[in-house]
Every structure is written in C-alpha cells, then in structure tokens.
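A short write-up of the structure that comes next.
The values are calculated or read from the model by the stated rules, or taken from the named source; none is laboratory data. A quick note: this is a predicted structure, and the numbers were derived from the prediction, not measured. Every residue, glycine as well, gets a Cβ built from its backbone with ideal geometry; the counts of neighbours run over all protein chains shown. To get the accessible areas, we keep the full protein, side chains included, count just its heavy atoms, and leave off ligands, DNA and RNA. Shrake-Rupley method; radii C 1.70, N 1.55, O 1.52, S 1.80 Å.
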Amino acid sequence: MRRLTRALPLTRALPLTPAVVLLLLFLAGPIAYCAWIAFTDLQLTGQAEESFVGFENFRTAFGDEAFLNAVWLTLVFTVVSALLGQNTLGLALAALMQRASKPVRTLTGGIVIAAWVLPEVVAGFLLYAFFRREGTLNAILDWLHLPSQNWLFTLPILAVSFANVWRGTAFSMLVYSAALNEIPREITEAAEVDGAGGWRRLWHITLPMIRRSIGTNLMLITLQTLSVFGLIWVMTRGGPGGKSQTLPLFMYEEAFQKSMIGYGTAVALLLLVVGSLFSVVYLRLLRTEV
C-alpha cells in the first residue's frame, strides 16, 4: 500500500514530462545560453573565438549614454502607452460598452479588435501613414486651419506610444469586459438606490471588485509593451537621433548592426531583468489582495 502511495505522484507527473522537457529545451536552454553570451565579447563577424569578459558588457552599458537614453525612453513608452493608455482606455471602453446598445457594442468591439489582430508591421505602416508629414493627421489639422508638424520628427516617442495604444487597447478592453460582467447587478443597483453617483460607484464598488483583473492586465500589457520592436522599427527605426529608441531597438542595433552580439545580449538580459521585476511587483500586489 505504501509503495502504491509513493508511486502515485510519479504517475501523475508523467503526463507533464514532455511539456517540462520542451520548456527546458526551448525556453530555459536559450535563456541560459544568452546569459553565458552576455559575459563574453562575442561578435557577429570578424572574430575567430570569443573570450570571457565578466561584467565588462554591463559596465559598458551603464556607462553608455545611448543605453541610459534607451532605458528612459522604454520607461516613458511603457508608462504612457501601457499603464496610462491601454489600461485606462480599455477600462473606459469596457465600462461604456456595458451600457451601450448591442449594435454599438458590436461595432465598437469590431473596430478595436481589428486594430489588435493586425500584424505589428502592418499596424506600423498604417500609423506611419497617419503621423507622417503628408499624412492623415496633418491633413485633418490643415482642414481645421490648425498648425501641423512632422510628428515622427518632433514627438516620435509620443507618436509610437499612441500607435501602441491604438493597437493594444483591445486586450485590456476584453479583460475588463469579462471582469465587469462578473460584478453582481444587485450591488450596483443598491448603490444607485442609496444615491451613489457614477464616479462613486466606480471608485468604491467597481475598481475594488475587479482589482485582481486590473493587476493581471497591468502585468501582461507591461511585459508586452517592453518587448515591442516591429511597431517602432517600422515607424521611426528609433530615430530621429535616438529619440524613440527603446531597449529592444538599442539591443538590435548593437547586436546585429554593429555586430556586438555579447554586448547586445547583455542588454537583452537587462531587459529580461526589468520585465521580471515588473512581474514580481505585480504578483506581490496580487498576493496581498487575496
């Protein structure tokens, strides 16, 4: 009987073995290899053999003004487009669609989700056509007799942030729509009877009841935004003068354009650490709410 009891956990673990092996092979393996490369001077071309350089790549990164500029722009891009843009707009759309008629919900949801399902490169070309000097935005401003400008040159980080908001809001909207549907109608109706206005109901009833969904959504959209590459590359290529060069673009430039694979991988490892820190913070906040 004891042998059967001991063998039972092993039997239950057997179906998980293929998944664990695949994760170790295709996820943990590449991460470990990248961690090793980050401590070498590996180059893409012109090098016979790489050598171990310790923390030299990391010291170079923190002493590089271009890297520090990329870190700052990554934080701005993440806060503006994910935490403030996608999160807030997604919640607002979900709340408004709760009271809208079915045709309005169908039309709004279709438009927002259409932007989300577009390939990143296609979305980048569309927003490039919208923000460029001869683009749609300036045509509208000229028609309204308002001053126009080259948005991709004067405010590139805000332009790509808006593009990421336009493309990614659908995910937050779907998350919050599902969360709002789980709130019992009796609670909101009782608050209305007691005289609570819309803002008071939102602050004291809606947000507390969907706080776990808010934390989960913030974690997922933050990680997604930290890794955005194609959208910015198509619109600005990190320019002009590095004014929209986030960490993924800086890493690509160092690793593949300048052929410094070791240094670029060190930057990628730092980006992985940043994403892990965000995840730990969100998970700790979610844990304290249980």
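At a glance:
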| read-out | value |
| --- | --- |
| Per-residue HN-Hα couplings for region 141-151 [Karplus 6.51, -1.76, 1.60; θ = phi - 60°; Hz; x = Gly/Pro] | 5, 5, 5, 8, 6, 10, x, 10, 7, 8, 4 |
| Around L42: net Lys/Arg minus Asp/Glu count, Cβ-Cβ under 11 Å | -3 |
| Global form of region 141-290, assessed from the alpha-carbon gyration tensor, a/c cut-off 1.5 | oblate |
| Listed residue (M235, L285, Q224) projecting farthest to the positive dipole end of region 153-290, Cβ model | M235 |
| Distance (nanometres) between label positions extended 7 Å along Cα→Cβ at V117 and N69 | 4.0 nm |
| Percent breakdown of C-alpha pair distances by 10 Å bin, ordered from the shortest bin, for region 110-209 | 13, 29, 22, 20, 15, 1 |
| Mean Cβ count within 10 Å, highest first, over the residues of peptides 212-219, 158-165 | 158-165, 212-219 |
| Region 1-152: C-alpha gyration tensor shape, a/c 1.5 cut-off, then a/b vs b/c | oblate |
| Ellipticity estimate at 222 nm from DSSP helix runs (n ≥ 4, -39,500 (n - 2.57)) divided over the chain, nearest 500 | -21000 deg cm²/dmol |
| Residues whose placed amide H lies under 5 Å from that of T40, excluding near-sequence neighbours | V53 |
| Accessible-area ranking of Y252, Y33, largest first, probe 1.4 Å | Y33, Y252 |
| Exposed GluC sites (Glu not before Pro) absent: longest stretch of the chain, with sites in DSSP loops and at most 15 other Cβ within 10 Å deemed exposed | 183-288 |
| Residues in region 105-131 that a label on L155 would reach, taking backbone N under 15 Å of a point 7 Å out along Cα→Cβ | 130-131 |
| Karplus-derived 3J(HN,Hα), 6.51/-1.76/1.60, for each residue of region 20-26, Hz, glycine and proline x | 5, 4, 5, 5, 5, 6, 9 |
| 3J(HN,Hα) from dihedral phi, region 124-129, Karplus parametrisation 6.51/-1.76/1.60, rounded to Hz, x for glycine, proline | x, 5, 5, 6, 5, 5 |
| L27 versus E134: modelled label distance in nm, points set 7 Å from Cα along the beta carbon direction | 4.8 nm |
| Accessible area (Å², per residue) of region 186-244, counting only protein heavy atoms and a probe of 1.4 Å | 55 Å² |
| 1.4 Å probe accessible area per residue over region 130-175, in Å² | 54 Å² |
| Most mobile of T265, T222, T88 in a GNM of the chain (Cα contacts under 10 Å) | T88 |
| More than 30 Å apart - percent of Cα-Cα pairs taken over the chain | 49 percent |
| Contact order normalised by residue count of the chain, Cα under 8 Å, 6+ apart, percent | 30 percent |
| Carbon + sulfur, % of accessible area of region 60-285 - ligands and nucleic acids excluded, 1.4 Å | 68 percent |
| Accessible-area ranking of Y176, Y282, largest first, probe 1.4 Å | Y282, Y176 |
| Fully extended contour minus Cα-Cα distance, from R59 to H145, at 0.36 nm per residue | 25.8 nm |
| Among S172, S227, S51, residue whose mean-square fluctuation peaks in a GNM of the chain (springs only between Cα atoms under 10 Å) | S51 |
